[in-house]
Amino acid sequence: MKLKLLIVDDDVLIRELYLSILTMAGYEVEVSGDLPTTQRILKRSIPDFLLLDLMMKPINGWEILEQIRENSSWQEIPIIIFSGKVLYAHEILRYGEKVVGYIKKPTRLPEIIIEIDRILSCQKDTRSLIEKAATLQFSDQELFEIRNLRLNIPVLDLLTSELQQNFKIFLEGGNYSNKIHDPEIEMLHVWIEEKRRRLDVLIGGI
C-alpha cells in the first residue's frame, strides 16, 4: 500500500514540484497551500505523513501546526517540518514536541525518503516496545509517554544540530566554535536531556 503524504506549502511551484517528484517515487500525494484547505483534507483523509513548510502567509507553519494539534483527531498525525527557515531555540522549545521529523529545503528525493524511512523504522520499533510494556502492566499514560518520547527525541536532536550549524560563533583568529553560550540554547539542551532521562526511566523496566 502506498504511503499517503500531505504537503502544506503556500508556494505553488514548490507544491507542484514535490507533488510530481514524490508521486513518481511511488507515494500518494496531496497538496495544500493554506490552513482551511489543510483542514478540509484532514477531515476527509488522514495522511501517513504531513510535510509542513514554516514560511507561509498569512498564517505561518507554526500556527498551522498548533491548529492541527488542537484537534483531538489529528494529534497523532506524524508531522515533518519541511522548510528552509532558520530555526531558533525558542521555536524548538515551543513547537518541537509537536513534530516527528525534519527535512531542510531545498532538498532532493533521497533525503526525503531517508527521513520518512527513519521515522517509519522508529514507529515500528516503538510499537514493539509499547506492546512489550503493555504486557508488563504499564499505565496508558506511561505507554503514551514512551511513544511520544521515542518519536520526538530524535527530531529534537536533528533540530538542535541544525540550530548549532546556523549559529556557530566566530572567534578571534578566524576559528569557528560549536560551543554556543546562549541561555535559550542551554535551556534547550537541558530540556532534551530531561526527556532522554525520562525515557530511560520508563523503558528501564522493560
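Report whether or not SER121 is among the small types (Gly, Ala, Ser) and under 14 Å from the mean Cα position of the chain (by Cα).
When the stated conditions are applied, SER121 does not pass them.
List, please: which pairs have Cβ atoms under 6 Å, are six or more places apart or on different chains, and start with a residue in region 113-135 that is without any contact (Cβ under 8 Å) to a residue 40 or more places away in the chain and end with one that is not in a helix (DSSP H, G or I)?
Between residues of region 113-135 that are without any contact (Cβ under 8 Å) to a residue 40 or more places away in the chain and residues that are not in a helix (DSSP H, G or I), the close pairs are GLU115/GLY101; GLU115/ILE103.
Only one of these is of a type in the set (Asp, Glu) and closer than 27 Å to LEU143 by Cα: GLU76, GLU16, GLU30. Name it.
Among GLU76, GLU16, GLU30, only GLU76 is of a type in the set (Asp, Glu) and closer than 27 Å to LEU143 by Cα.
Test ARG69 against the stated conditions and say whether it is part of a helix (DSSP H, G or I) and over 25 Å from LEU151 (Cα atoms). Give the steps one after another, and end with the answer.
Working: part of a helix (DSSP H, G or I): yes; over 25 Å from LEU151 (Cα atoms): no.
Spelling it out, it is not the case that ARG69 is part of a helix (DSSP H, G or I) and over 25 Å from LEU151 (Cα atoms).
Would you call LEU109 more than 11 Å from VAL8 (Cβ to Cβ), surrounded by 18 or more Cβ atoms within 10 Å (Cβ to Cβ) and either touching a helix residue (DSSP H, G or I) at 6+ places or on another chain (Cβ under 8 Å) or free of Cβ contacts under 8 Å to residues at least 24 places away in the same chain (or both)? Explain how you work it out, then say what you get.
Working: more than 11 Å from VAL8 (Cβ to Cβ): yes; surrounded by 18 or more Cβ atoms within 10 Å (Cβ to Cβ): no; either touching a helix residue (DSSP H, G or I) at 6+ places or on another chain (Cβ under 8 Å) or free of Cβ contacts under 8 Å to residues at least 24 places away in the same chain (or both): yes.
The answer is no for LEU109.
Tell me, which residue of region 124-154 that is in a helix (DSSP H, G or I) and among the polar types (S, T, N, Q) is surrounded by the most Cβ atoms within 10 Å (Cβ to Cβ)?
Filtering region 124-154 for residues in a helix (DSSP H, G or I) gives 124-135, 140-154.
Next, from what is left, pick out any that are among the polar types (S, T, N, Q): 126, 128, 135, 141, 148, 152.
Details: THR126: 16, SER128: 10, THR135: 9, GLN141: 8, ASN148: 16, ASN152: 19.
Selected residue: ASN152.
Just the residues that are within 19 Å of LYS104 (Cα to Cα) and either without any contact (Cβ under 8 Å) to a residue 24 or more places away in the chain or not in a helix (DSSP H, G or I) (or both), please, taken from region 11-24.
ASP11, VAL12, LEU13, ARG15, GLU16, LEU17, LEU19, SER20
Of everything in region 42-59, what is more than 16 Å from the chain's Cα centre (by Cα) and buried (at least 17 other Cβ atoms within 10 Å of the Cβ)? Give them in sequence order.
Within region 42-59, LEU42, MET56 qualify.
Every residue, every condition in (1) modelled with pLDDT of 90 or more; (2) more than 24 Å from SER83 (Cα to Cα), yes or no:
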residue	(1), (2)
LYS168	no, no
ILE180	no, no
PRO183	no, yes
HIS189	yes, no
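What number goes with the only condition from (1) outside any helix (DSSP H, G or I); (2) surrounded by fewer than 16 Cβ atoms within 10 Å (Cβ to Cβ); (3) touching a residue at least 24 places away in the same chain (Cβ under 8 Å) that GLU76 does not pass?
The failed condition is (3).
Of the residues LEU50, LEU6, which single one is in contact with a helix residue (DSSP H, G or I) (Cβ under 7 Å, 6 or more places away or on another chain), under 21 Å from VAL100 (Cβ atoms) and not in a helix (DSSP H, G or I)?
Going through LEU50, LEU6 in turn, the sole match is LEU6.
If I ask for residues that are of a type in the set (Ser, Thr, Tyr) and modelled with pLDDT under 95, which ones from region 102-127 would you list?
First, pick out the residues of region 102-127 that are of a type in the set (Ser, Thr, Tyr): 102, 107, 121, 126.
THR107, the sole residue that qualifies.
The values are calculated or read from the model by the stated rules, or taken from the named source; none is laboratory data. Just so it is clear, the structure is predicted and the values come from calculations on it, not from any experiment. A quick note on method: Cβ atoms are made from the backbone with ideal geometry, for glycine too, and the neighbour counts reach across all protein chains shown.
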